[in-house]
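To start, the structure itself, in structure tokens.
The values are calculated or read from the model by the stated rules, or taken from the named source; none is laboratory data. Here the structure is a predicted model, which means the values were calculated and not measured. Quick reminder, even Gly has a Cβ in these numbers, built from the backbone with ideal geometry, and neighbours come from all protein chains shown.
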């Protein structure tokens with residue numbers, strides 16, 4: 001007996017392989033409910049490795065651009081690979097974005113795309129003197145990929161805490177999904193802490209793969225039915241071993257949800273064409289599941305997608321440009337799909353990363369930093385503006401944690417996430433979702449309508 005991982009049906013209709021996370025605590029098959037009509041979805045695109053956002057959002061006022069060019073040296077844009085696309089903040093301050101973002105650049109002028117400057121993991125507002133003198137509490141193990149990926153997904157400066165901030169968001173709005181048992185929190189990139197809550201079930205899906213079982217067909221049909229019955233007996237047999245029981249429960253839930261997705265995928269597929277890159281396929285799967293919202297009875301859903309390769313210690317110029325091109329193409333396709341479904345103002349897509357990178361280059365790349373600029377896209381986004389405080393680009397300057405341009409964040413991940421959580425309907429539960437939010441002057445950075 002093997003699993004069929006053919007792509008021919010599931011990439012067309014949006015089926016998925018479920019590796020499972022937390023679903024064993026809940027029954028999968030309640031009756032689907034028709035719930036609140038104001039459907040909303042949050043879609044995270046995690047840029048694994050630490051995106052060098054200094055080459056994604058570039059200041060264009062003369063003094064700031066001169067500082068940028070001087071510090072960045074050979075990494076400065078424009079170069080032979082990337083051009084600059086001119087934009088401006090709402091107050092007229094000039095900026096540019098790399099032409100790796102060409103696909104979504106027009107959405108800036110349409111006020112559907114915004115940037116949030118210098119976001120990162122913080123315990124509390126932090127200044128350079130406080131950091132250097134050790135008079136302020138900072139997140140543990142800064143500049144470590146393994147630790148910061150966990151912390152940024154958890155919204156916890158001291159580790160995972162067992163849940164992700166999007167999972168806690170899903171917990172807080174679970175009542176809006178009524179009696180539906182369809183997972184409200186789904187990762188398209190394998191198991192992800194980001195989606196794990198304390199209450200709601202989450203799922204991990206890999207686009208293009210399903211759990212249809214090879215070797216289960218037989219003649220006569222009674223023989224096929226006997227095979228299926230035997231598998232069910234194996235999965236439900238009480239071995240007395242908790243690890244085996246848990247694995248069998250995950251397997252059983254996976255098969256159940258797989259059949260659920262297949263049965264729901266009847267009807268016309270989306271006309272929007274998605275790029276067949278890995279991130280494009282993940283976002284296509286997101287769109288297909290959103291399309292099923294009426295059938296599943298969902299009113300609130302969160303999704304996690306990821307793309308790796310941003311740990312650009314060398315070869316950054318071309319490598320980052322191409323990665324951002326893939327992200328941009330995928331984001332545009334999902335936005336167009338949301339227009340096709342008539343819910344463009346109900347789907348918000350945003351980027352996140354382990355951390356930013358140093359202003360000062362290291363050869364043809366850059367080293368691990370701290371603060372990073374993020375992008376937010378959707379019909380409910382108050383776009384065409386740069387939110388937060390854009391940092392001073394100076395080695396050893398007021399925003400530099402050392403002397404290499406490791407920028408101390410001026411907006412916390414708590415504030416970034418809480419702004420979207422408020423739009424999502426979390427309300428008074430925001431302090432439970434983001435326990436450190438009270439340390440910051442505002443829980444709403446202002447980029448959501």
Which number in (1) surrounded by fewer than 22 Cβ atoms within 10 Å (Cβ to Cβ); (2) over 23 Å from residue 411 (Cα atoms) marks the one condition that residue 389 misses? (2)
Would you please name the residue that is surrounded by the fewest Cβ atoms within 10 Å (Cβ to Cβ), looking only at residues in the stretch 165-183 that are in contact (Cβ under 8 Å) with a residue 24 or more places away in the chain and farther than 21 Å from residue 414 by Cα? 179
Checking the conditions here, which among 444, 400 is under 24 Å from residue 157 (Cβ atoms), modelled with pLDDT of 95 or more and buried (at least 24 other Cβ atoms within 10 Å of the Cβ)? 400
Suppose the filter is surrounded by fewer than 22 Cβ atoms within 10 Å (Cβ to Cβ), modelled with pLDDT of 70 or more, assigned to a helix (DSSP H, G or I) and touching a helix residue (DSSP H, G or I) at 6+ places or on another chain (Cβ under 8 Å); does residue 246 pass it? no
Specify which of the listed residues (381, 433) is farther than 14 Å from residue 350 by Cα, surrounded by 18 or more Cβ atoms within 10 Å (Cβ to Cβ) and within 17 Å of the chain's Cα centre (by Cα). 433
Counting residues that are surrounded by fewer than 19 Cβ atoms within 10 Å (Cβ to Cβ), which strands (runs of 3 or more DSSP E) fully inside the stretch 49-164 reach at least 1? 84-88, 94-98
Within the stretch 286-299, how many residues are farther than 14 Å from residue 349 by Cα and surrounded by 18 or more Cβ atoms within 10 Å (Cβ to Cβ)? 9
Does the stretch 196-206 contain any residue that is surrounded by 13 or more Cβ atoms within 10 Å (Cβ to Cβ), over 25 Å from residue 424 (Cβ atoms) and modelled with pLDDT under 90? yes
Restricting attention to the stretch 281-306, report how many residues are farther than 13 Å from residue 43 by Cβ and either in a loop (DSSP other than H, G, I, E, B) or at pLDDT 95 or above (or both). 5
Testing residue 156 on (1) within 22 Å of the chain's Cα centre (by Cα); (2) closer than 21 Å to residue 448 by Cα, one condition comes back false. Which one is that? (2)
Among residues belonging to the stretch 37-48 that are in contact with a helix residue (DSSP H, G or I) (Cβ under 9 Å, 6 or more places away or on another chain) and not in a strand (DSSP E or B), point out the one that is farthest from residue 192 (Cα to Cα). 38
